[in-house]
Amino acid sequence: MKVISRKAIVFTLIACSFFNSLHAQFLVPKHEIGLGVGMFIYQGDLTPEDAGAFKTPGFAFNIFYNRLLSRSFSLRTNLAHGKLTADDANYKTPEWRKERAFRFGTRVTEISELLVWNILGNNYGERKIISPYIFGGIGISALRITRDWSNINYDYFASETTLLEGLAEDSTHTLPSTIGVIPVGIGFRYPITDKLSLMAEGSYRFTFSDYIDGFSKASNPNKNDFYSNISLGIIYTFGKRSTLDCPIIRN
């Protein structure tokens, strides 16, 4: 009887260990939703600054759903909305920018699918540390472009036939309503509770259009326009349950 009892105890402990291990794999959190607020930064022909038009940032926000695949990887479906804007007249040098005085505003609504790599493997927030992550993917942006060249000094550019001919061509060009984008970026997250984390991230959009600002032939037709996003936000993790405890064995 004692032998049977001992065998039963050993079997129970092994089975308990196995099922707890199984539950540990399947009962980790699987889902996240997040909200970020920040700004869109335009980078293109209407700003001389390599980093983009930080003089005229546009408010932006993004919401996302994150499907956790493992401690290191997740898939994010991201929706971002905001505005891109720039004005030649904001720059004193070179002098011709004030004379050209092109300006624009573009409303952007972007949806993208991203693969996210948590470098330290801390997707489940077991460690209260700052965890860096990088991400990249593909997306599509819907654009509503408003452009203005009404303040151009035609006398100043009287001998610049290339610019004036380009402006005439741009004015009749159909502006894009959607474009493809390739977002890439880096971020940091810090778990403040089991379910809530703070995040900060920056991302850059490679595009396939030179008309995000409404101009191309009259400015620099050899280079596409780009934009970036800087945001702060919060992440809510859910779907987590406690694993089953082993039963207490009594003799």
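The values are calculated or read from the model by the stated rules, or taken from the named source; none is laboratory data. If you're wondering where the values come from, they're calculated on a predicted model, not measured in any experiment. So basically every Cβ, Gly included, is an ideal-geometry build from the backbone, and we count neighbours across all protein chains shown.
Exactly one condition in (1) of a type in the set (S, T, N, Q); (2) surrounded by fewer than 17 Cβ atoms within 10 Å (Cβ to Cβ); (3) in contact with an Asp or Glu (Cβ under 6 Å, 6 or more places away or on another chain) is false for SER219; which is it? Every listed condition holds for SER219 apart from (2). Looking across the stretch 222-239 at every residue that is surrounded by 15 or more Cβ atoms within 10 Å (Cβ to Cβ) and not hydroxyl-bearing (Ser, Thr, Tyr), the one that is farthest from PHE54 (Cα to Cα) is identified as ILE235. Considering ARG97, ARG67, the condition of being touching a residue at least 24 places away in the same chain (Cβ under 8 Å), in a helix (DSSP H, G or I) and farther than 21 Å from THR178 by Cβ is satisfied by ARG97 alone.
This table checks each residue for (1) on the phi > 0 side of the Ramachandran plot; (2) free of Cβ contacts under 8 Å to residues at least 24 places away in the same chain.
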residue	(1), (2)
ARG71	no, no
HIS81	no, no
LEU84	no, no
VAL108	no, no
LEU114	no, no
GLY125	yes, no
ILE129	no, no
GLY136	no, no
ASP155	no, yes
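Of all the criteria given as (1) over 16 Å from the mean Cα position of the chain (by Cα); (2) closer than 17 Å to SER209 by Cα, the one not satisfied by ILE41 is (1).
To keep it simple, each residue is scored yes or no on (1) over 23 Å from SER231 (Cα atoms); (2) at pLDDT below 95; (3) surrounded by 15 or more Cβ atoms within 10 Å (Cβ to Cβ).
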| position | (1), (2), (3) |
| --- | --- |
| SER21 | yes, yes, no |
| LYS30 | yes, yes, yes |
| GLY36 | no, no, yes |
| PHE40 | no, no, yes |
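Taking the stretch 132-173 on its own, how many of its residues are of a type in the set (Lys, Arg) and touching a Phe, Trp or Tyr at 6+ places or on another chain (Cβ under 8 Å)? Qualifying residue count, the stretch 132-173: 1. Any residue at all in the stretch 98-112 that is at pLDDT 95 or above, out of contact with any His (no Cβ under 8 Å at 6 or more places or on another chain) and within 30 Å of THR193 (Cβ to Cβ)? Checked the stretch 98-112: at least one residue is at pLDDT 95 or above, out of contact with any His (no Cβ under 8 Å at 6 or more places or on another chain) and within 30 Å of THR193 (Cβ to Cβ). Suppose we keep only residues that are in contact with an Asp or Glu (Cβ under 6 Å, 6 or more places away or on another chain) and not in a loop (DSSP other than H, G, I, E, B) within the stretch 100-136. Which one would you say is surrounded by the fewest Cβ atoms within 10 Å (Cβ to Cβ)? Among those residues, the one meeting the criterion is ARG103.
Given the conditions (1) on the phi > 0 side of the Ramachandran plot; (2) exposed (fewer than 15 other Cβ atoms within 10 Å of the Cβ), report the number of the one that THR146 does not fulfil. Unmet condition: (1).
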